[in-house]
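A.B. asks: Please see the structure below; I have some questions.
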Amino acid sequence: MQNGFQFPTNWDLNGLANLVAPAGGVGAYSDCNGDPNMFKALSVGVANCKDPSYNANFIGKTWDYPFPGQVGQRNSLRGPGYFTVDTAVRRTWNLTERQSLAFSAEAFNVTNSVRFDVFSALPEIDVSGSFGKFTHTLDGPRVLEFMLRYSF
């Protein structure tokens, strides 16, 4: 969690924000615009979508800027981790003594699981418009590959 454009330790390196209240549920939720967000408090069921200051109020009540000389709190947010299931099937038929036919099917991310990348959200407490919004995933979509090989 970055503290935005505040530089408590050095003009070149910004620090981390201090967690002053529980952030609530952290996971994958939909915000008012339908975008994936990491905070349950900013989800459609909880947040007041018509009040534009709600996001800033949540940030201000949950995180604070570190004092000069402090470095802030590390590892206050954890992501869901990486998960994917890959599999492959191969079958070879001998047509003659010197000829064969092989078929192969490979599947990557068979379950089509979506795991969002916490670092893509780059939460900074100065930027409330994009606070906690996921922009990338750790894994890709389901991919199927087929191969047919004739050897002679």
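A.B. asks: What single numbered condition from (1) at pLDDT 80 or above; (2) within 30 Å of Asp139 (Cβ to Cβ); (3) hydrophobic (A, V, I, L, M, F, W, C); (4) surrounded by 11 or more Cβ atoms within 10 Å (Cβ to Cβ) fails to hold for Phe58?
C.D. replies: Checking Phe58 against (1) at pLDDT 80 or above; (2) within 30 Å of Asp139 (Cβ to Cβ); (3) hydrophobic (A, V, I, L, M, F, W, C); (4) surrounded by 11 or more Cβ atoms within 10 Å (Cβ to Cβ), the one that fails is (1).
A.B. asks: For region 127-138, state whether one or more residues are over 26 Å from Lys40 (Cβ atoms) and surrounded by 11 or more Cβ atoms within 10 Å (Cβ to Cβ). Break it down into steps so the answer makes sense when it comes.
C.D. replies: Let us first name the residues in region 127-138 that are over 26 Å from Lys40 (Cβ atoms), namely none.
Within region 127-138, not a single residue is over 26 Å from Lys40 (Cβ atoms) and surrounded by 11 or more Cβ atoms within 10 Å (Cβ to Cβ).
A.B. asks: Moving on. Answer yes if at least one residue in region 72-81 is surrounded by fewer than 11 Cβ atoms within 10 Å (Cβ to Cβ) and at pLDDT 95 or above, and no otherwise. Spell out the reasoning first.
C.D. replies: Keep residues of region 72-81 that are surrounded by fewer than 11 Cβ atoms within 10 Å (Cβ to Cβ), which gives 74-75, 78, 81.
Still in the running and at pLDDT 95 or above: none.
No: region 72-81 contains no residue that is surrounded by fewer than 11 Cβ atoms within 10 Å (Cβ to Cβ) and at pLDDT 95 or above.
A.B. asks: Now for a separate question. I'd like the full set of residues that are surrounded by 13 or more Cβ atoms within 10 Å (Cβ to Cβ) and farther than 20 Å from Leu138 by Cβ, limited to region 21-30.
C.D. replies: Ala23, Gly24
The values are calculated or read from the model by the stated rules, or taken from the named source; none is laboratory data. Predicted model, so just to flag it, every value in this text is computed and none were measured. Backbone-built Cβ (ideal geometry, glycine too); neighbour counts: all protein chains shown.
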